[in-house]
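Below is one structure, written out as structure tokens; comments come after it.
The values are calculated or read from the model by the stated rules, or taken from the named source; none is laboratory data. Predicted model, so just to flag it, every value in this text is computed and none were measured. Glycine also receives a Cβ, built like all others from the backbone with ideal geometry; neighbour counts cover every protein chain displayed. Surface areas here come from the heavy atoms of the whole protein model, side chains and all, with no ligands, DNA or RNA. Shrake-Rupley method; radii C 1.70, N 1.55, O 1.52, S 1.80 Å.
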Amino acid sequence: MPSLTFFTVFGYLLALVAAVHLLSLRKNPASTLAWLWGILLFPYLGALLYWAIGADRLRRKRLRRRAGFAAFRRDRLRGRNQKALESVPPEDAGLARVLARLTGIPPTGVDSLRLLHTADAFYDALLARVEAARHHVHIQFFIWREDEAGRRLRDALVAAARRGVVVRVLLDEIGSVLLAASHFRELVEAGGEFSWFQTISPLRRRFLFNLRNHRKVQIVDGAVAFVGGMNVGREYQGLDPKVGPWRDLQAELTGPVACALQESFADDWFYATGRKVVEACYYPESAAPGKFPCLVVAGGPDDPSAPMQTSIVAILAHATRRAWFTTGYFVPNGVTLIALQLCAARGVDVRLLITEKTDHPGLLRIGRSFYDELMAAGVRIFEYSLALNHTKAAVIDEDWLLVGSANLDNRSLRVNFELSTFTRYPAAAAELAARLEEDFSASTEIIPENFARRPRFERAVEATLRPFAPLL
């Protein structure tokens, strides 16, 4: 029948286009082969799934703010960055240079760093900064709920805009898919700005359902910034009975690091709106480089070098005493798996805190399929079940801590837009280490002998799901 012939031919043409696009991305061989088989064996379903969750590269024009700076300003910035690098202890200076080279973001500094372990503490701190803002407030989240938490922050932003503060809000359109743009109508009427970070926009030739902006960063007056894993919604406060208790982390930082984070926001805002945030008033200069050295680690599908992934590998390779990670989702790719194994094999105390109470049980089972290999190398694994632990953080050796939006999974390290800060701040590192010690004690440590006795059904499920790891 002609209609059946057309349907068949169209299906294989769709598969051909998807296959050509897949090969052009030069993804890792395992992921490429898995997708290629799916596309060719199931022309319609495989191709549609590929366009939905398989494409992991995006080309975009980037905002080059520094290109318009006067020569003396560029020299001053270069000198301040060099001072920040000089403040790093000699044994860590090599790592700082490597991370700066991998990310393309010069070393910077922080004057203070405060860990906010609950959503209530974070929201109160952010609202206080918004209410005290004098010039601008830039807000970026992955998820924003239209509930009491969302309305409270929106109303504070509206009040700031009405008193003349420049307010910009940027949200991922899929992460916040249940939120209507009309939620920010009052903010726009007050003079503020709102935009989706659109990777799905047919009018702008964007059809990338899979590429999400997972960053959570907020900057106030170019002097204060918040980074971490928290979004806006009552579930993050533990108030959603369907989710239950929630654990997370956001960090409040002051100092020159705010300008480095401002550049990340400005780049994303430029992609989303086409409007530039380049005026010097958004990047206030400070005479000092900051009391503590800090590296901003940002990655996304627009950078084929995968700086988030390579930075994690570099950090693990540098660790000499401990590398304690807590992650909301754990689906390691081959690179992450080997880096963890090698770090533990060198005698480093490598620990993973993984949430057992999860909103994605399939991902937990995929992660468990890697436990045997990690434990054989000396990695200690703890599963936390008292709450949904959404925290993305790490303590490296005695003085360094990593706080941000990236999980230890392929999506965070290679596909999503993510942002973290890696800071040498002894007091905060000790605080986070103490917190993790409490969590390890409250968790179930995975013991190889006990893990080997888990039900055959569980092992079968893990083995069945594991081949999907490169696709997630």
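Whether any residue in region 325-342 is aromatic (Phe, Trp, Tyr) and over 22 Å from residue 449 (Cα atoms) is what I want to check.
The answer is yes, given that some residue of region 325-342 is aromatic (Phe, Trp, Tyr) and over 22 Å from residue 449 (Cα atoms).
Collect the residues in region 141-200 that are β-branched (Val, Ile, Thr), in contact with a Lys or Arg (Cβ under 8 Å, 6 or more places away or on another chain) and under 25 Å from residue 420 (Cβ atoms), keeping them in residue-number order.
174, 199
Looking only at residues that are part of a helix (DSSP H, G or I) and touching a Gly at 6+ places or on another chain (Cβ under 7 Å) in region 115-151, which one is farthest from residue 433 (Cα to Cα)?
So the residue we want is 150.
Got a number for residues in region 81-114 being part of a helix (DSSP H, G or I) and within 22 Å of the chain's Cα centre (by Cα)?
The total comes to 9.
Return yes when residue 113 is at pLDDT 90 or above, closer than 24 Å to residue 430 by Cβ and in contact with a helix residue (DSSP H, G or I) (Cβ under 8 Å, 6 or more places away or on another chain) and no when it is not.
yes
Report, by residue number, each residue of region 34-44 that is at pLDDT 70 or above and either among the polar types (S, T, N, Q) or loosely packed, with under 13 Cβ neighbours inside 10 Å (or both).
Residue satisfying the conditions is 41 alone.
So, in region 173-190, of the ones that are assigned to a loop (DSSP other than H, G, I, E, B) and loosely packed, with under 15 Cβ neighbours inside 10 Å, which residue ends up modelled with the lowest pLDDT?
Top of the filtered list is 177.
Out of all the residues in region 214-259, which are part of a strand (DSSP E or B), open to solvent by less than 20 Å² (accessible area, probe 1.4 Å) and among the basic types (Lys, Arg)?
Result: no residue meets the conditions.
Residue 108 versus (1) surrounded by 15 or more Cβ atoms within 10 Å (Cβ to Cβ); (2) closer than 30 Å to residue 152 by Cβ: which is the lone unmet condition?
(2)
For the list (1) in a helix (DSSP H, G or I); (2) buried (at least 18 other Cβ atoms within 10 Å of the Cβ); (3) in contact with a strand residue (DSSP E or B) (Cβ under 9 Å, 6 or more places away or on another chain), I need the number of the one condition that residue 465 fails.
Residue 465 satisfies all of (1) in a helix (DSSP H, G or I); (2) buried (at least 18 other Cβ atoms within 10 Å of the Cβ); (3) in contact with a strand residue (DSSP E or B) (Cβ under 9 Å, 6 or more places away or on another chain) except (3).
Residue 92 fails exactly one of the following numbered conditions: (1) in contact with an Asp or Glu (Cβ under 9 Å, 6 or more places away or on another chain); (2) open to solvent by 10 Å² or more (accessible area, probe 1.4 Å); (3) farther than 21 Å from residue 266 by Cα; (4) at pLDDT 90 or above. What is the number of that condition?
(4)
How many residues are of a type in the set (Ser, Thr, Tyr) and either in contact (Cβ under 8 Å) with a residue 40 or more places away in the chain or assigned to a loop (DSSP other than H, G, I, E, B) (or both) if we restrict to region 426-445?
2
Any residue in region 446-457 that is in contact (Cβ under 8 Å) with a residue 12 or more places away in the chain and among the polar types (S, T, N, Q)?
Within region 446-457 (the criterion being in contact (Cβ under 8 Å) with a residue 12 or more places away in the chain and among the polar types (S, T, N, Q)), the answer is no, since none of the residues qualifies.
Of the residues that make up region 310-324, is at least one touching a Ser or Thr at 6+ places or on another chain (Cβ under 8 Å), closer than 27 Å to residue 138 by Cβ and either at pLDDT 95 or above or charged (D, E, K, R) (or both)? Steps first, please.
Let us first name the residues in region 310-324 that are touching a Ser or Thr at 6+ places or on another chain (Cβ under 8 Å), namely 311-313.
Now narrow it down to the ones that are closer than 27 Å to residue 138 by Cβ: 311-312.
Narrowing further to those that are either at pLDDT 95 or above or charged (D, E, K, R) (or both): 311-312.
Looking for residues that are touching a Ser or Thr at 6+ places or on another chain (Cβ under 8 Å), closer than 27 Å to residue 138 by Cβ and either at pLDDT 95 or above or charged (D, E, K, R) (or both), one finds at least one in region 310-324, hence yes.
Condition test on residue 87, is it of a type in the set (Ser, Thr, Tyr), modelled with pLDDT under 70 and open to solvent by 30 Å² or more (accessible area, probe 1.4 Å)? Outline the logic, then answer.
Values: of a type in the set (Ser, Thr, Tyr): yes; modelled with pLDDT under 70: no; open to solvent by 30 Å² or more (accessible area, probe 1.4 Å): yes.
Spelling it out, it is not the case that residue 87 is of a type in the set (Ser, Thr, Tyr), modelled with pLDDT under 70 and open to solvent by 30 Å² or more (accessible area, probe 1.4 Å).
Among the strands (runs of 3 or more DSSP E) confined wholly to region 338-425, which include 1 or more residues that are under 27 Å from residue 109 (Cβ atoms) and open to solvent by less than 20 Å² (accessible area, probe 1.4 Å)?
393-396, 400-404, 418-424
Might you check whether a residue that is at pLDDT 95 or above and in contact with a Leu (Cβ under 8 Å, 6 or more places away or on another chain) occurs anywhere in region 232-241?
Yes, region 232-241 contains a residue that is at pLDDT 95 or above and in contact with a Leu (Cβ under 8 Å, 6 or more places away or on another chain).
Report, by residue number, each residue of region 260-297 that is over 25 Å from residue 95 (Cβ atoms), out of contact with any His (no Cβ under 7 Å at 6 or more places or on another chain) and part of a helix (DSSP H, G or I). Even if it seems obvious, please write down each step before you answer.
Step one: filter region 260-297 for residues over 25 Å from residue 95 (Cβ atoms), giving 265-266, 268-285, 287.
In the following step, the residues that additionally are out of contact with any His (no Cβ under 7 Å at 6 or more places or on another chain) were identified as 266, 268-280, 283-285, 287.
Passing the criteria: 266, 268, 269, 270, 271, 272, 273, 280.
Suppose we keep only residues that are surrounded by 19 or more Cβ atoms within 10 Å (Cβ to Cβ) and not aliphatic (A, V, I, L, M) within region 148-167. Which one would you say is nearest to residue 120 (Cα to Cα)?
Looking at the filtered set, the residue picked out is 150.
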